[in-house]
Amino acid sequence: MDTKSSLLLISVLSFLIIPRASFANSFDLWKKDYAKRASKRGLPKTFVMSILSKVQLDLEVIKKDKKQIISSKTIDYEVFMKKWLREDNARIVKGRKLLAENDELLSRIEKIYGVDKEVIVALWGVETLYGEIMGEYNVIRSLATLAYEGRRRTFYETQLSAALRLVKKGHVSVADFKGSWAGATGQCQFMPSNIKVYGEDFNKDGKIDIWQTKADIFASIANFLKKAGWKMGKTIGSLAHKSEAFSGSLNKYYTKLQYQKRGYKSLNGKKIIDQNWFVRRAAVIPMKRSPIVLRGTNYLPLIKWNNSSLFTAFNIMLVEAFSTQ
């Protein structure tokens with residue numbers, strides 16, 4: 001190997017080795033800088049550093065942030081939905097069981113907040129499979145990593161500050177503060193800043209516990225939807241199969257007859273004639289063989305939770321299943 005090639009190899013190896021250590025060092029510098037900024041917003045610098053000094057950078061979180069995929073036209077909706085509902089429609093079966101078991105509590109919350117108990121349980125089931133899958137990432141570590149990464153630094157620093165306030169006030173410990181890689185936490189998967197705004201201490205024990213306490217979990221879901229404009233007794237919408245031959249615009253309000261003329265039918269294959277609405281706009285789910293969402297009164301309140309037509313389809317399916325058991 002000649003001298004020029006040797007120098008090139010050394011240069012490449014240096015590029016591969018040095019940045020990781022440099023990355024970690026700059027993470028430590030960011031922590032100190034963030035702690036100074038947080039102290040101006042009511043979080044003691046010593047408290048912040050006592051927690052962040054033990055936090056290491058999570059490279060897996062950075063990788064996921066750079067490669068996240070929300071939906072894809074290459075994914076088959078029917079295959080995906082079958083897997084999502086689980087074997088023997090377990091997500092529906094479990095939801096029905098829990099709806100019955102918690103009926104007294106859910107009925108009280110429904111009356112107080114004006115939010116249908118079926119949608120409370122549906123959202124619970126969509127977000128975490130009724131508390132079964134809440135995420136195993138440490139929320140403080142994930143948020144610190146994402147804030148440091150910088151793609152959405154302001155947003156994630158805000159979330160980190162909210163998370164640290166929850167720890168400081170005793171709502172949750174750092175060790176128990178688990179969630180998704182992006183920082184959503186609890187059985188209803190709130191971002192930390194949403195816990196202060198929408199979280200409810202329904203059992204009046206001094207804590208907003210969306211991790212273990214059903215009363216607080218259900219009431220927090222209901223409170224979010226109430227503030228989002230939920231209308232009791234109204235629907236999110238309905239699903240309809242589309243004709244492969246139709247390629248016209250759906251960005252208008254159409255009657256049931258107009259949808260039928262365009263080749264749309266209910267999921268059961270019947271005409272769209274027995275639904276209690278006059279005109280609706282549609283939302284497209286960007287997956288192969290997917291139905292469209294015929295948007296109901298509570299479509300807009302629900303997408304304030306998660307701006308995804310697929311997300312609304314999940315909830316429509318569960319609510320309809322719970323209402324027709």
Practice task
Select from the range 213-236 the residues that are assigned to a loop (DSSP other than H, G, I, E, B) and in contact (Cβ under 8 Å) with a residue 24 or more places away in the chain and write down the one among them that is surrounded by the most Cβ atoms within 10 Å (Cβ to Cβ).
Solution key: 236
Practice task
Considering only the range 94-116, state which residues are surrounded by fewer than 14 Cβ atoms within 10 Å (Cβ to Cβ) and under 18 Å from residue 128 (Cβ atoms).
Solution key: 97, 101
Practice task
Determine whether the range 103-117 contains at least one residue that is over 17 Å from residue 224 (Cα atoms) and either touching a Leu at 6+ places or on another chain (Cβ under 7 Å) or of a type in the set (A, V, I, L, M) (or both).
Solution key: yes
Handout entry: Filter result for residue 159 (of a type in the set (S, T, N, Q), in contact (Cβ under 8 Å) with a residue 40 or more places away in the chain and surrounded by 21 or more Cβ atoms within 10 Å (Cβ to Cβ))
Key = no
Exercise for the section: Filter the range 118-134 down to residues that are more than 12 Å from the chain's Cα centre (by Cα) and of a type in the set (A, V, I, L, M, F, W, C) and give me whichever is surrounded by the most Cβ atoms within 10 Å (Cβ to Cβ). Expected result: 122
Handout entry: Residue in the range 46-62 that is part of a helix (DSSP H, G or I), touching a residue at least 60 places away in the same chain (Cβ under 8 Å) and of a type in the set (Asp, Glu) present
Key = yes
Practice task
Could you list, in sequence order, all residues of the range 31-77 that are surrounded by 12 or more Cβ atoms within 10 Å (Cβ to Cβ), within 15 Å of residue 290 (Cβ to Cβ) and of a type outside the set (Phe, Trp, Tyr)?
Solution key: 71, 75, 76
Practice task
Looking only at the range 238-261, decide whether some residue is among the β-branched types (Val, Ile, Thr) and surrounded by 14 or more Cβ atoms within 10 Å (Cβ to Cβ).
Solution key: no
Handout entry: Selection count, the range 274-325, where residues are in contact with a helix residue (DSSP H, G or I) (Cβ under 6 Å, 6 or more places away or on another chain) and either of a type in the set (A, V, I, L, M) or without any contact (Cβ under 8 Å) to a residue 40 or more places away in the chain (or both)
Key = 8
Practice task
Output yes when any residue across the range 288-303 is part of a helix (DSSP H, G or I), buried (at least 21 other Cβ atoms within 10 Å of the Cβ) and of a type outside the set (Phe, Trp, Tyr), and no when none is.
Solution key: yes
Exercise for the section: Might you let me know whether the range 257-274 holds any residue that is modelled with pLDDT under 95, under 30 Å from residue 98 (Cα atoms) and acidic (Asp, Glu)? Expected result: yes
Problem - Exclusive hit being touching a strand residue (DSSP E or B) at 6+ places or on another chain (Cβ under 7 Å) and free of Cβ contacts under 8 Å to residues at least 60 places away in the same chain, set 239, 257, 250 - result: 250
Problem - Selected residue (only one of 107, 193, 142 is part of a helix (DSSP H, G or I), closer than 30 Å to residue 89 by Cα and polar (S, T, N, Q)) - result: 107
Problem - Residue satisfying all of: in the range 173-216; among the charged types (D, E, K, R) and more than 23 Å from residue 108 (Cβ to Cβ); nearest to the chain's Cα centre (by Cα) among these - result: 178
Practice task
Report yes if some residue within the range 282-303 is hydroxyl-bearing (Ser, Thr, Tyr) and at pLDDT 95 or above; otherwise report no.
Solution key: yes
Handout entry: Residue satisfying condition, being at negative phi, outside any strand (DSSP E or B) and surrounded by fewer than 13 Cβ atoms within 10 Å (Cβ to Cβ), within set 268, 203
Key = 268
Practice task
Residue by residue through the range 277-311, note down the ones that are of a type in the set (Ser, Thr, Tyr) and under 20 Å from residue 114 (Cβ atoms).
Solution key: 297, 299
Completion exercise
Counting only residues in the range 277-312 that are within 19 Å of residue 267 (Cβ to Cβ) and charged (D, E, K, R), the one nearest to the chain's Cα centre (by Cα) is identified as 295
Practice task
Given the conditions (1) on the phi < 0 side of the Ramachandran plot; (2) modelled with pLDDT of 90 or more, report the number of the one that residue 233 does not fulfil.
Solution key: (1)
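The values are calculated or read from the model by the stated rules, or taken from the named source; none is laboratory data. Nothing here was measured: the structure is a model prediction, and the numbers come from that model. All Cβ positions, even for glycine, are placed from backbone atoms using ideal geometry, and neighbour counts span all protein chains on display.
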